[in-house]
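Peer 1: Before anything else, here's the structure in question.
The values are calculated or read from the model by the stated rules, or taken from the named source; none is laboratory data. All figures in this text were calculated on a predicted structure; none of them were measured in a lab. A quick note on method: Cβ atoms are made from the backbone with ideal geometry, for glycine too, and the neighbour counts reach across all protein chains shown.
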Amino acid sequence: MNQILIGLLGLALILVLTTGLIILWIKRRSKKETEDPIETIDVAERLAESFQAARQGNNEPSAAPVATYQTTASPRSKILAEVGARQLLEQVNSHVLQGRGYISSRRGEIRMEWSDLEDGSVQRGIMIRVEDSKTLMVNGMPFPATREGAQEGLVSCLEGMKLE
């Protein structure tokens, strides 16, 4: 008789735990659906607006800060500093990705990575690399090694990505 009672109590416990997990799953799912839906954005348009707003605050669009570590920086790193690559990626991160991106750099290259909103296991990224003194590669596509060229490269790259 005791074994039957223990078996019934174990079965009841499993039933309660399963019901609790189902309720928790339903609540999380409904919470995601009731939150403000994330609307698809036109990334290129948002980025262009961000760059334009930055320009209005500064009448000299190519006046990017020059690296203060010029004596130790490689020529490629100097080019990235002169075009303001980090600042441009920070603008994208702030205005387009709402701070979800992580920026890292090494000699002659800077990149920003972030997780896709729809599928968190998918990593997206933008890499700006100095090819030579006149060419930047933005995700493998060549652009002039100027601030405007870097902006054009970022806009072009993001146009191809579907961000939400």
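Peer 1: Scan region 95-113 and tell me whether some residue there is more than 16 Å from Val138 (Cα to Cα), at pLDDT below 90 and assigned to a strand (DSSP E or B). Steps first, please.
Peer 2: Narrowing region 95-113 to residues more than 16 Å from Val138 (Cα to Cα): 95-102.
Among the residues that remain, those that are also at pLDDT below 90 are: 95-102.
Among the residues that remain, those that are also assigned to a strand (DSSP E or B) are: 102.
Taking every residue of region 95-113 in turn, at least one turns out to be more than 16 Å from Val138 (Cα to Cα), at pLDDT below 90 and assigned to a strand (DSSP E or B).
Peer 1: Right, something else. Going through Val130, Val138, Val122 one at a time, which residue ends up being of a type outside the set (S, T, N, Q) and closer than 18 Å to Glu159 by Cβ? Reasoning before the result, please.
Peer 2: Values: Val130 fails: closer than 18 Å to Glu159 by Cβ; Val122 fails: closer than 18 Å to Glu159 by Cβ.
Within the list Val130, Val138, Val122, the selection yields Val138.
Peer 1: Does Glu152 satisfy being in a strand (DSSP E or B) and on the phi < 0 side of the Ramachandran plot?
Peer 2: Numbers: in a strand (DSSP E or B): no; on the phi < 0 side of the Ramachandran plot: yes.
It is false that Glu152 is in a strand (DSSP E or B) and on the phi < 0 side of the Ramachandran plot.
Peer 1: Looking only at residues in region 103-139 that are exposed (fewer than 15 other Cβ atoms within 10 Å of the Cβ) and touching a residue at least 24 places away in the same chain (Cβ under 8 Å), which one is nearest to the chain's Cα centre (by Cα)?
Peer 2: Filtering first and then ranking leaves Leu117.
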